[in-house]
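Here is the structure we will look at.
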Amino acid sequence: MKNICVIGSGYVGLVTATCFADLGNKVTTVDIDENKIAKLKEGVMPIYEPGLEELVERNVKADRLNFTTSYEEGLDDAEFVFICVGTPSAVDGEADLKYVRSAAETIAEKMDHPLIIINKSTVPVGTGDWVADIVNRVQTEAIDFAVVSCPEFLREGSAITDFMNPDRNVFGSTNREAAQKVADLYAALNAPAVITDIRTSEMIKYASNAFLATRISFINEISIICERLGADVTEVARGMGLDKRIGPHFLQAGVGYGGSCFPKDVKALANMALTHGMHPQLLNAVMDINDFQRKQIATKVRELLGGTVENKTIGILGIAFKANTDDIREAPALTIMRTLANQGANVKAYDPVAMENAEREIRGVTLADNAYDVAEDADVLVLLTDWNEFKQLDMARIKGMMREPLLVDGRNIYDPDAMRELGFVYRGVGRGYNGEGVANGHAAHEDMAPVAGD
Ligand code: UDX
Ligand code: UDX
């Protein structure tokens, strides 16, 4: 049993705190948001994360997990303090570290015994050293501390499973003993530990997320080529992914990556390279392709509607940036809905859990009660998040409710042949041949001659 303080009770902090408590530690979560803490004390979750509520309840009952707005209370008796505050993008793409700075300053002001300070937030390379400088500067008397980087690799929607079954954990510090102590907190999980210096650890996080984003942009670029040449990207990805050197993960073509991590992390890494005089060509391409992918969806809708969306009703299924979360930060749906609404469409949308967040964020979009309400009198239906509940909708009923049977499947969750049999005009992403794609202006299956260059 260790005494742990976690600063920040968002998607990462709350999951980290709860999982450490579940492993038998005594954890206090500190957040400056009084409302959030008050709700947590009443058992109300500030985020949607499968399994979290039950786990929080169990650990609160067992008196292993507490919530407070007071740093003094959080740091009291703590041996470890995890910084899990947000690090959003600043205007020029670099990570905005104001919350990390504020957390580090307050820790330095309030600490009255030695501490291991752990950066879990994703922070630019060099931030660990910067945090150590802040603590040294702010402390009124010199109390021993060490800074360790221990990046998070938690996917929203499966964050608890990711915490409990990690592929690896990474610990970076100039103080090897401190890094080992943090690694010991994770020892029960039996995952490989990478113990390294602090800057390397910080870079492992950026490089991992940038690589995953690169795979997504890669398959999205392939999807565009597939569409033109009459191939099906879902089968291409399967065929590629069975090669052990490639692997099957993060090869789903779609509407582009979103969320609180990939967009800001790729941007921040590119910015780090740029500010050090380098030209991050690959990262720039990854971002360009991702933007293009979102635009492509709006283009497909426009094309299906004969060139204009004006006064047409467009039904959107899914707003969250991915399934199993209520998070709409950088969600492709936001950009796509805004584009269509700006072009004069009536947009209505539904998401199983992101409606409250959507209501706060989006103007000019009607929010519907369920998928069937979205379909009612719609000229085109656009699927943007691959929630399970959209996979087996009564599509015959949906078609009957729509003004036109036009379907854009931004996540390739429907079978193109089955949709066509139902009478839909179906457009997936990168499904050239099976999905009625267009090659050189003709339906792909009518134009299967070898492509120029053969
Ligand atoms: C995290 C990481 O910090 C980010 O770097 C990573 O890349 C993605 O995940 P996340 O948990 O998604 O961020 O952020 P958010 O859900 O916004 O939660 C941050 C919490 O910190 C909020 O509850 C906020 O109130 C709290 N906070 C913020 C503090 O307690 N103190 C502060 O000074 C600022
Ligand atoms: C990511 C990292 O995976 C995780 O390790 C941590 O650093 C936080 O950030 P998260 O953003 O929650 O997790 O979700 P993830 O499953 O990685 O998906 C990110 C985005 O990529 C989503 O918009 C998703 O829909 C998209 N995606 C993912 C694809 O478009 N295709 C894929 O094959 C996989």
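Coordinate-derived values only; no laboratory data. All of these numbers come straight from a predicted model, not from anything done at the bench. All Cβ positions, even for glycine, are placed from backbone atoms using ideal geometry, and neighbour counts span all protein chains on display.
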Point-charge dipole on Cβ atoms (K/R +1, D/E -1) for the chain, about Cα centre, debye to 20: 660 debye
Average Cα contact separation per residue, the stretch 210-443, under 8 Å, 6 or more apart, as relative contact order %: 24 percent
Antiparallel bridges, percent of DSSP beta bridges restricted to the chain (to nearest 5): 10 percent
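Mean 1/r over all different Cα pairs, inverted: what Kirkwood radius does the stretch 42-191 give, in Å?
Working: mean 1/r = 0.0595 Å⁻¹.
It works out to 16.8 Å.
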Distance between the stretch 290-358 and the stretch 30-90 - C-alpha centres, whole angstrom: 33 Å
When the stretch 162-282 is reduced to its Cα atoms, the Kirkwood hydrodynamic radius in Å: 16.8 Å
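Taking the Cα centre as origin and putting +1 on Lys and Arg beta-carbons and -1 on Asp and Glu beta-carbons, what dipole magnitude results for the stretch 281-422, to the nearest 20 debye?
So the dipole magnitude of the stretch 281-422 works out to roughly 380 debye.
Using only Cα atoms, what is the ratio of the radius of gyration of the stretch 210-443 to 2.2 N^0.38 Å?
Numbers: Rg = 17.5 Å, N = 234, 2.2 N^0.38 = 17.5 Å.
Here the Cα radius of gyration is 1.00 times the empirical estimate.
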With Cα atoms, 0 to 90° folded angle of helix 11-22 axis to the chain main axis: 60 degrees
Among LEU75, HIS279, THR161 - extreme Cα towards positive end, dipole of the chain, charges at beta-carbon: HIS279
For LEU189, LEU406, LEU14, LEU304, order by how many other beta-carbon atoms lie within 10 Å, fewest first: LEU189, LEU304, LEU406, LEU14
Debye equation applied to the C-alpha atoms of the stretch 66-123, log10 I(q)/I(0) at 0.15, 0.21, 0.24, 0.29 Å⁻¹: -0.47, -0.81, -0.98, -1.27
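Could you state, as a whole-number percent, how many of the C-alpha pairs of the chain are farther apart than 33 Å?
On the way: 42896 of 102831 pairs.
Tail of P(r) above 33 Å: 42 percent of Cα pairs.
Report D for the stretch 283-406 in µm² per second (integer): Stokes-Einstein, Kirkwood Rh on Cα pairs, 25 °C, 0.890 mPa s. Write out the running numbers ahead of the final one.
Values: Rh = 14.5 Å.
The estimated diffusion coefficient comes to 169 µm²/s.
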